[in-house]
Amino acid sequence: MITDAEFVKGFCNMCENGSKMGWHERNGGNLSYRIKGNELELIKAEIHESDAWREIGVSVPRLAGEYFLVTGSGKYFANVAASPEENIGIIKIDEKGENYSIVWGFLNGARPTSELPTHLMNHEIKKMYTDGRYRVIYHAHPANLIALTFVLPLKDEVFTRELWETMTECPVIFPKGVGVVKWMVPGGREIALATVEKMKEYDVTVWAHHGLFAAGEDFDLTFGLMHTVEKASEVLVKILSMTDARRQSITTQDLISLGDAFGVRIPKKFL
Ligand SMILES: [Zn+2]
């Protein structure tokens, strides 16, 4: 059974964990995974190639012929683990990278997430920039991070520095920093392009007054990245709620020492 495959179980687990964190109210958030060749071999007998191609809305030629496991449009993360075939599905990208077809799941007329253009464009850029290592793109609505987008300037430098200063592990877990995209209408080409610009440089991009996009090699790393950013945001919200004058913080020299100790390169623009 496809639902017994390790990558499908990992995908369902991640949906459940995100839901338990409270990041996926109603049908909020979406998740996609670029399936490995050996994983595809294992499920080949159960997928049904289809000629019913639909437009992606953007062009992703470097993903031609790839298969993705994706959450469904309007579907609730809370329901994914209990009934995967109705809430998630596998799509195949055509030879031009302009259309997709559904080859498994999405029962009863379900379709992939409305954020599919952003997911696929991010997959394309990450596949290219990481020599194929990155396979997961995750979008969630964590409340503390969203709250910060109402009070911090919407600048990469400010968000990165504030989060780094708030929790010691942050510069080690996201040493490249955090990108910020101003409020935009979700679900379209424009926000996809803006996000991809940021994801060329970062693994995390904030959508102002909306949520967060994270990219990573596997489910654990990507979920962990989302969790770390939200945890730091929660601490920062608590700090800002208590006082507007911090007595002490993690200093520029501390950040440099962290980079040295953990062997990560800290970009100068954040120091
Ligand atoms: Zn969203």
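The values are calculated or read from the model by the stated rules, or taken from the named source; none is laboratory data. Since the model is a prediction, treat every value here as computed from it, not as a measurement. Don't worry about glycine lacking a Cβ; one is built from the backbone with ideal geometry, like all the others, and counts go over all protein chains shown.
What to note about this one:
- Sole residue being β-branched (Val, Ile, Thr) and more than 14 Å from the ligand (Cβ to nearest atom), chosen from 160, 113: 160
- Filter result for residue 109 (under 19 Å from residue 58 (Cα atoms), more than 20 Å from the chain's Cα centre (by Cα), assigned to a loop (DSSP other than H, G, I, E, B) and of a type outside the set (D, E, K, R)): no
- So residue 234, is it out of contact with any helix residue (DSSP H, G or I) (no Cβ under 8 Å at 6 or more places or on another chain) and at pLDDT 95 or above: no
- Residue match in the range 218-233 (condition: more than 16 Å from residue 173 (Cα to Cα) and either within 16 Å of the ligand (Cβ to nearest atom) or β-branched (Val, Ile, Thr) (or both)): no
- Among the residues making up the range 116-149, those that are more than 16 Å from the ligand (Cβ to nearest atom) and of a type in the set (Phe, Trp, Tyr) are 129, 134.
- Selection of the range 70-91 for residues being farther than 21 Å from residue 21 by Cβ and crowded, with 22+ Cβ neighbours inside 10 Å yields 89, 90, 91.
To keep it simple, each residue is scored yes or no on (1) more than 14 Å from the chain's Cα centre (by Cα); (2) in a helix (DSSP H, G or I); (3) outside the structural domain of residue 154 (by TED's automatic domain parsing).
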{"position": "175", "(1), (2), (3)": "yes, no, no"}
{"position": "206", "(1), (2), (3)": "no, no, no"}
{"position": "212", "(1), (2), (3)": "no, no, no"}
{"position": "221", "(1), (2), (3)": "no, yes, no"}
{"position": "227", "(1), (2), (3)": "no, yes, no"}
{"position": "259", "(1), (2), (3)": "yes, yes, no"}
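- Flag for residue 240 being more than 23 Å from residue 28 (Cβ to Cβ), assigned to a helix (DSSP H, G or I), more than 16 Å from the ligand (Cβ to nearest atom) and in contact (Cβ under 8 Å) with a residue 24 or more places away in the chain: yes
- Flag if residue 233 is small (Gly, Ala, Ser), free of Cβ contacts under 8 Å to residues at least 24 places away in the same chain and assigned to a helix (DSSP H, G or I): no
- Only one entry in 160, 195 is polar (S, T, N, Q), closer than 22 Å to residue 251 by Cβ and touching a residue at least 60 places away in the same chain (Cβ under 8 Å), namely 160.
- Qualifying residue in the range 31-44 (condition: within 16 Å of the ligand (Cβ to nearest atom), part of a loop (DSSP other than H, G, I, E, B) and within 30 Å of residue 211 (Cα to Cα)): no
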